[in-house]
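The values are calculated or read from the model by the stated rules, or taken from the named source; none is laboratory data. Everything numeric in this text was worked out from a predicted model, so none of it was measured. Here the Cβ positions follow ideal geometry from the backbone for every residue, glycine too, while neighbour counts run over all protein chains shown.
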Amino acid sequence: MSENSEKKKTRFAWGELFAFYRGEFTRLYVSLAATLGSSAMVLLIPLVVGYLVDDVLLNQGASVLPAIFGRFFGHIGDRAYLLQNLWVFGAIILGLYALDGMFSYLNNARITRFAETGALNMRLRLFSHLQRLPFAYHKQAQTGDLVQRCTTDVDQIRRFFQMQLSEMVRCLALVVIATVMMFRLDTKMALVAIASTPILFVSSWIYFKKRRYAFRVWDEAEGVISTVLQENITGVRVVRAFDRTDFEIEKFAVHNNALNRVAKEQFRIMGDFWMASDLLAFSQLAAVIIVGAIEAIDGNISLGTLLIFISYSENLIFPLRGLARLLADAGKMQISFDRLKEILDEKPEPGDEDLLDPVLKGQVEFDRVDFAYPDDPRPVLKDVSFDIRPGQTLGILGPTGSGKSSLLQLLQRLYEPTNGSIRFDGIPATEISRESLRRQIGLILQEPFVYSRTIMENIRMPRPQASDTDVKNQAKTARLHREIQQFEDGYETMVGERGVTLSGGQKQRLTIARALIRTCPIIVFDDSLSAVDMETDREIRRAMRRSGGSITTFIVSHRISTLMHADRIIVLSEGKVAESGTHGTLLENNGLYRRVYDIQRAYLEEDA
Ligand SMILES: Nc1ncnc2c1ncn2[C@@H]1O[C@H](COP(=O)(O)OP(=O)(O)OP(=O)(O)O)[C@@H](O)[C@H]1O
Ligand SMILES: [Mg+2]
């Protein structure tokens, strides 16, 4: 991502942004045209009033308004007729208001669809892109930040298109048309009317620039609060267990006060600005009224012109003041889209559609494999070699951090070895598609993950067409069935964040059942039975042997009892294979395996 932040200064990618709105542009054009229509109605009304006053009521001779007005009203009737039928003006003004309303409605309906569709497309693209990003990306990305980008930032863009864009077009139209009209009517009065507008615009522009910076400070203060909150809520057990409640509350209070200070400061600046700019806007309006009145009394302008100027000044000053805010909002929208683009610009895993999809038998060979994580030069695996045949079990023992989980991740090509090769049935892993490997290798991760769904759905996840009986059979194999039956809703019990909390061991067994449902030729347990008691551990392995038969199995465990029946056991130490053999030969070796065995021996007697 750092590479992307350097590119910040480059031009905004409008093309990429608008690509999300493909097929929706008619809606946008209609909505913008409706906005222009509604602005035109708003500006027509003062002209009608001006005509009524100057040309009908006062009959001032040469009309200041464009000739088209005269022609239009001429069609309805002459001055005498109009004087007798003043309701005509009321009806016309009412009609203009009605048209204004219709245009606004049309604008709203179209632009809402436009904005929503774009947001929908963005969320979909982001979601599917995130699914295809390499494992390494997700390892380093911060979930909270990603979630925020997919929700808040998308919403910022949606809001811009739904509300602010039309508002901007409307303000611009009002300002431009009003200014042009005023200059046509009377240059001197027009100059008075626009006298303070540059100051008004520039000052609000500066203000919103400043506020953007202040908003970032606010954002950061809020970010700190969320982090503290999140840590405390997820870690509430630790906080309580270590009796740190008071300390944490105090810590929270400090951050909360900081946020409060920032917010107060913000509102103070905001209040000052609005007050000052209101003062300026109303002084401007007062100037137009006073100068206009003097001019009208002196006979330099007509009464109708004065009325038009007063009304147009309002239509100039307030939109102009709002325009700066809208431009700042456009800036925020751009920042949001840049943040989305940072995700979208991340390279997905290389496509491997043209790679092989063989039916694996289960033979796996590591040939002098070296491995280091990307962005980290420390070697994690060094010269690891072994070979296991279909249906065999490979046990892996090793101290924490010795590279066991890393080795297992290479199997599914979540990462690639830096040296050496991995082969399945003699085929180099690099020639087999990742999709094929991930489908055929059941990986049960060290930290079990439970979706916020029912138990049934959780187990069925990898094979949606599995029958209820299949699911129950796998739950039986994983020794979970009986416990599930004791839940009130059985297999329909909701688990995860919004449901029942499962124990660590229950979660592990749930993920085991989920891995078994897909009858893979290769199955991998990364310490997946650590939270299960030894008795259950043994039962699960027995049940698997009965139902599995020829499944090639990798088992990482710290328990000798789990590993001892494996066809082959390797002991990893600092990324190297320190020992390798069967339970019997390793005991004779007098190495690490033997030492662990001696410590655990007491429990083993019955299992042997
Ligand atoms: N995503 C990662 N990026 C960089 N280094 C990592 C990453 N994951 C693990 N490591 C490092 O690789 C080494 C091996 O870690 P690994 O998770 O494979 O150990 P392990 O044998 O599974 O340990 P444990 O028994 O605690 O699960 C450790 O030094 C660890 O710090
Ligand atoms: Mg591990």
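With respect to the stated conditions, R149 is closer than 30 Å to E349 by Cα, basic (K, R) and assigned to a helix (DSSP H, G or I). Does R240 meet the test of being charged (D, E, K, R), free of Cβ contacts under 8 Å to residues at least 24 places away in the same chain and under 30 Å from V202 (Cα atoms)? Considered against the rule, which asks whether it is charged (D, E, K, R), free of Cβ contacts under 8 Å to residues at least 24 places away in the same chain and under 30 Å from V202 (Cα atoms), R240 comes out as no.
Residue-wise test of (1) of a type in the set (A, V, I, L, M, F, W, C); (2) closer than 30 Å to R482 by Cα; (3) more than 16 Å from ligand 2 (Cβ to nearest atom).
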residue: R509; (1), (2), (3): no, yes, yes
residue: I517; (1), (2), (3): yes, yes, yes
residue: E539; (1), (2), (3): no, yes, yes
residue: Y597; (1), (2), (3): no, no, yes
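Output yes when any residue across the stretch 379-398 is more than 16 Å from ligand 2 (Cβ to nearest atom), within 26 Å of M544 (Cβ to Cβ) and among the charged types (D, E, K, R), and no when none is. The answer is yes; a qualifying residue exists. Does F267 fit the bill of being part of a helix (DSSP H, G or I) and surrounded by 14 or more Cβ atoms within 10 Å (Cβ to Cβ)? Taking the combined requirement at face value, the residue does not satisfy it. Screening the stretch 486-601 for helices (runs of 4 or more DSSP H) wholly inside it with 2 or more residues that are without any contact (Cβ under 8 Å) to a residue 12 or more places away in the chain and over 24 Å from P390 (Cα atoms) returns the ranges 583-589. Residues that are of a type outside the set (S, T, N, Q) and in contact with a strand residue (DSSP E or B) (Cβ under 7 Å, 6 or more places away or on another chain) number at least 1 in none of the helices (runs of 4 or more DSSP H) confined to the stretch 16-112. For the stretch 377-429, taking the residues that are free of Cβ contacts under 8 Å to residues at least 60 places away in the same chain and of a type in the set (A, V, I, L, M, F, W, C), the one that is nearest to ligand 1 (Cβ to nearest atom) is identified as L410.
Residue count for the stretch 519-532 under the criterion of being more than 16 Å from ligand 2 (Cβ to nearest atom) and either at pLDDT 90 or above or surrounded by fewer than 21 Cβ atoms within 10 Å (Cβ to Cβ) (or both): the result is 4.
Kindly check whether there is at least one residue in the stretch 336-343 that is under 30 Å from D155 (Cβ atoms), in a helix (DSSP H, G or I) and among the hydroxyl-bearing types (S, T, Y). Yes, some residue in the stretch 336-343 is under 30 Å from D155 (Cβ atoms), in a helix (DSSP H, G or I) and among the hydroxyl-bearing types (S, T, Y). Taking the stretch 321-376 as the range and being over 28 Å from A141 (Cβ atoms) and within 16 Å of ligand 1 (Cβ to nearest atom) as the test, only F366 passes. Residue check, R79 against (1) of a type in the set (K, R); (2) within 30 Å of the chain's Cα centre (by Cα); (3) surrounded by fewer than 14 Cβ atoms within 10 Å (Cβ to Cβ), all met but one. Which one? Every condition holds for R79 apart from (2).
Quick check on S406: is it under 38 Å from the mean Cα position of the chain (by Cα), within 16 Å of ligand 2 (Cβ to nearest atom) and surrounded by fewer than 20 Cβ atoms within 10 Å (Cβ to Cβ)? The answer is yes for S406.
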